[in-house]
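The values are calculated or read from the model by the stated rules, or taken from the named source; none is laboratory data. Note that the structure is predicted; figures quoted are calculated from it, not measured. As a convention, Cβ positions derive from the backbone with ideal geometry for all residues, glycine included, and neighbour counts pool all protein chains shown. Ligands, DNA and RNA are stripped out before the accessible areas are found, and what is left, the full protein with its side chains, is counted by its heavy atoms. Shrake-Rupley method; radii C 1.70, N 1.55, O 1.52, S 1.80 Å.
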Amino acid sequence: MVTEATRKSLLKVRVMDFITSTAILPLLFGCVGIFSLFKLLQRMRMKAYLRNAVVVITGATSGLGRECAKVFYTAGARLVLCGRNREALEELTKELAASLATKVQTHKPYTVAFDLADPGAIVAATAEILQCFGYVDVLINNAGISYRGAIVDTTPDVDKKVMETNYFGPVALTKALLPSMIKRRQGHIVAISSIQGKISIPFRSAYAASKHATQAFFDCLRAEMEQYEIEVTVISPGYIHTNLSVNAVTADGSKYGVMDKTTAQGRSPVEVARDVLAAVGKKKKDVILADLLPSLAIYLRTLAPGLFFSLMASRARKERKSKNS
Ligand SMILES: NC(=O)C1=CN([C@@H]2O[C@H](COP(=O)(O)OP(=O)(O)OC[C@H]3O[C@@H](n4cnc5c(N)ncnc54)[C@H](OP(=O)(O)O)[C@@H]3O)[C@@H](O)[C@H]2O)C=CC1
Ligand SMILES: CCCCCCCCCCCCCCCC(=O)OCC(=O)COP(=O)(O)O
């Protein structure tokens, strides 16, 4: 009588016989080999692309921008670090110079301080940026502010401030740098958007609007720049543990000043910066860096908008209730 255990071991033997007697095993090894070789070549190409590249990072004084500065510096990029706070930029430059030796040659970064929300400052800043190395290979539009408030309470000045910082500023800087990239037929524009550039959640109107506008603008840019071989990457992260919520602006224009639980529980900016480096190195076009639920929510918004809107309305009700209690 054949027991269950004997039947299982017989089956195993037959499967092993099949694998060894056919071409499956060499085929399997071949596939793994080709895949590993492909990955190796991809990594080598990525490293070569970033080594010595002139990379401009806005919002380099804190959070994700600061961590991006570190990973791009370590990858051998020639950096131009931008932000409003000159001292913080200088401090970061010193910190980078003092960091441990890397395999590749590193370069002392330049710093350019300006306010992205001031349209008058962008022309002068662009000239200063171009003076650093003579050209720009990669522009990372990272700087941004968030917002918390109900639409009915929010002053138009707050809507404008968020749009100036997150949308009009990066758009103006990008446009100012494009002619030199087009002339060289080389360049890469990166926009750090957000999951909220793909879906809108309650009490974030100005922020979500600015990020949706960012996504739309840079998608148009990608299509228009293809003829010049200029790359455009839009990156949409979920929550990251930075000071974004602390620095957020509220309905009346005051600082929110609170580290939200969602922000505190967000991904480490170090990890996200590594993902940004990989996305840029691989010349990705559109990248979502978020957990399963926010990623699924994007599909839900497209495939079942009615259900998505009900979920957002219920979220708004809950948030209003918890604020009033
Ligand atoms: N944290 C998160 O959960 C998420 C963040 N993001 C995006 O990541 C990007 C970086 O934010 P994060 O690091 O989290 O937040 P931080 O508040 O830590 O950093 C924001 C950066 O933007 C700069 N900045 C703000 N306003 C201006 C301005 N008017 N002109 C010039 N620079 C300015 C700040 O510099 P200064 O020193 O001048 O204030 C700072 O360096 C933003 O675009 C944000 O929308 C996207 C998804 C999730
Ligand atoms: C098929 C099943 C799908 C189930 C979907 C359920 C819907 C869940 C809603 C999830 C909402 C996620 C919001 C994520 C927001 C986010 O990650 O924002 C990133 C930021 O930019 C953070 O900025 P903030 O200032 O808001 O902290």
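Among residues of region 193-208 that are near ligand 1 (Cβ under 10 Å from one of its atoms), those with a beta-carbon under 6 Å from a residue that is among the small types (G, A, S) at least six positions away or on a different chain give the pairs S193/S236; S194/S236; I195/S236; I195/G238; I195/A290; Q196/A208; G197/S236; Y207/S146.
The set of residues in region 292-319 that are basic (K, R) and either in contact (Cβ under 8 Å) with a residue 24 or more places away in the chain or touching a helix residue (DSSP H, G or I) at 6+ places or on another chain (Cβ under 8 Å) (or both) comprises R301, R315. Looking at region 151-167, which of its residues are crowded, with 18+ Cβ neighbours inside 10 Å and more than 16 Å from ligand 2 (Cβ to nearest atom)? Selection gives E164 alone. Quickly run through region 28-82 and pick out the residues that are within 16 Å of ligand 1 (Cβ to nearest atom), part of a helix (DSSP H, G or I) and open to solvent by 30 Å² or more (accessible area, probe 1.4 Å). The answer is R66, E67, K70. Within region 84-96, being open to solvent by less than 70 Å² (accessible area, probe 1.4 Å) and farther than 24 Å from D118 by Cα holds for T93, L96.
Among the residues of region 85-106, those that are part of a loop (DSSP other than H, G, I, E, B) and either touching a Leu at 6+ places or on another chain (Cβ under 8 Å) or closer than 19 Å to G63 by Cα (or both) comprise N85, S99, T106.
In region 221-325, counting only helices (runs of 4 or more DSSP H) that sit wholly within it, the ones holding 2 or more residues that are over 27 Å from D137 (Cα atoms) and open to solvent by 70 Å² or more (accessible area, probe 1.4 Å) span 292-303, 305-324.
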